[in-house]
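Undergrad: I have a structure I would like to understand better, so I am pasting it below and will then ask my questions one at a time.
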Amino acid sequence: MAHRPARKSPPKSDSSRKIGLARALSKLGYCSRQQASELIRQGKVRLNGATPKNPETPVRLGTDHIEVQGHALKPAEKIYLMLNKPLGIITSASDEKGRDTVYSLLPPDSKWLAPVGRLDKASEGLLLFTNDSEWNARVTNPETHLDKTYHVQIATVADLHLIESLKRGVETERNETLRCKHATILRTGEKNSWLELTLDEGKNRHIRRMLEALGIEVLRLIRVSIGPLQMGDLPKTAHRPLTPAELAALNLAMH
């Protein structure tokens, strides 16, 4: 008798796959996973009529009934925004020192949106926000290798030797080699220059530490693009939703 190959089990649908309750609230766009865990521990979340206190309680999205403080949860509309972050604003939901955060520039109902990556207080430019936690993780995953391009003003006159050094790699005090995927000179003045630098990895303060290791002061640092997504002429402090075409192009670049 001929041997019949075993049948493969069909892939599980989202409605049959179990995830933790806190993650479910995050995936539904209600709040972050950390905030969800706190709500669950406080007894403010009901699951199929019960009140679990464990954030990892298993849930089937699309099948189980979830309520938060008496309100039934349904999948939130996915939101994808870009913001032109100005200098001096921190990328945080709140600040113990009372400094202005990026959320002061967004609509009041944007508190459940999360920044996609970060720009430090002294940096400017393109910053994304979303309530789609899985998309956020894909964009920020180093293995995605999305190019991020910056315009950087430095306090010296750039030359081709500097450009080659940035592309070849610079050793830092931590015995770490930092490099740019692309580097070009945009324009130069008598005492400073503007560079265009592209990274396909995002280590902490990557550009600042690289130039600091060469004894070069950064005067301004502006992110102008993420993958195919361009900030364009979006005014400083302004925000807007990504267009369907922009979102599709960015998603395609991550495959």
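Undergrad: Tell me, yes or no, whether region 167-185 has at least one residue that is in contact (Cβ under 8 Å) with a residue 40 or more places away in the chain, part of a strand (DSSP E or B), under 16 Å from the mean Cα position of the chain (by Cα) and within 28 Å of Pro228 (Cβ to Cβ).
TA: No - not one qualifying residue is present in region 167-185.
Undergrad: Right, next: So if I check each of Thr130, Thr156, which one is β-branched (Val, Ile, Thr), open to solvent by 20 Å² or more (accessible area, probe 1.4 Å) and modelled with pLDDT of 90 or more? So that I can check it myself, show each step before the final result.
TA: Working: Thr130 fails: open to solvent by 20 Å² or more (accessible area, probe 1.4 Å).
The match here is Thr156.
Undergrad: Of everything in region 31-66, what is of a type in the set (Ser, Thr, Tyr) and either touching a Leu at 6+ places or on another chain (Cβ under 6 Å) or more than 16 Å from Asn131 (Cβ to Cβ) (or both)? Give them in sequence order.
TA: Ser37, Thr51, Thr57, Thr63
Undergrad: Pick from Ala6, Ala72, Ala36: which is among the hydrophobic types (A, V, I, L, M, F, W, C), in contact with a strand residue (DSSP E or B) (Cβ under 9 Å, 6 or more places away or on another chain) and at pLDDT below 90?
TA: Values: Ala6 fails: in contact with a strand residue (DSSP E or B) (Cβ under 9 Å, 6 or more places away or on another chain); Ala36 fails: at pLDDT below 90.
That would be Ala72, the only listed residue that is among the hydrophobic types (A, V, I, L, M, F, W, C), in contact with a strand residue (DSSP E or B) (Cβ under 9 Å, 6 or more places away or on another chain) and at pLDDT below 90.
Undergrad: Looking at region 68-83, which of its residues are small (Gly, Ala, Ser) and not in a loop (DSSP other than H, G, I, E, B)?
TA: Within region 68-83, just Ala72 meets the criteria.
Undergrad: Sticking with this one: Taking the residues in region 81-98 that are of a type outside the set (S, T, N, Q) and open to solvent by 40 Å² or more (accessible area, probe 1.4 Å) as candidates, determine which candidate is nearest to Glu124 (Cα to Cα). Show your work before the answer.
TA: Taking region 81-98 as the starting set, the residues that turn out to be of a type outside the set (S, T, N, Q) are 81-83, 85-90, 93, 95-98.
Those left that are additionally open to solvent by 40 Å² or more (accessible area, probe 1.4 Å): 87, 93, 96-98.
On the way: Leu87: 5, Ala93: 17, Glu96: 22, Lys97: 20, Gly98: 20 Å.
Looking at residues that are of a type outside the set (S, T, N, Q) and open to solvent by 40 Å² or more (accessible area, probe 1.4 Å), I get Leu87.
Undergrad: Also, I was wondering about something else. Which numbered condition in (1) charged (D, E, K, R); (2) within 29 Å of the chain's Cα centre (by Cα); (3) open to solvent by 90 Å² or more (accessible area, probe 1.4 Å); (4) modelled with pLDDT of 75 or more is the only one that Lys53 fails?
TA: In the conditions (1) charged (D, E, K, R); (2) within 29 Å of the chain's Cα centre (by Cα); (3) open to solvent by 90 Å² or more (accessible area, probe 1.4 Å); (4) modelled with pLDDT of 75 or more, Lys53 misses (2) alone.
The values are calculated or read from the model by the stated rules, or taken from the named source; none is laboratory data. The model shown is predicted, which means the values in this text are computed figures rather than measured ones. Cβ coordinates were reconstructed from backbone atoms using ideal geometry, including for glycine residues, and neighbour counts include every protein chain displayed. Side chains are part of the model used for accessible areas, which takes the heavy atoms of the whole protein and leaves out ligands, DNA and RNA. Shrake-Rupley method; radii C 1.70, N 1.55, O 1.52, S 1.80 Å.
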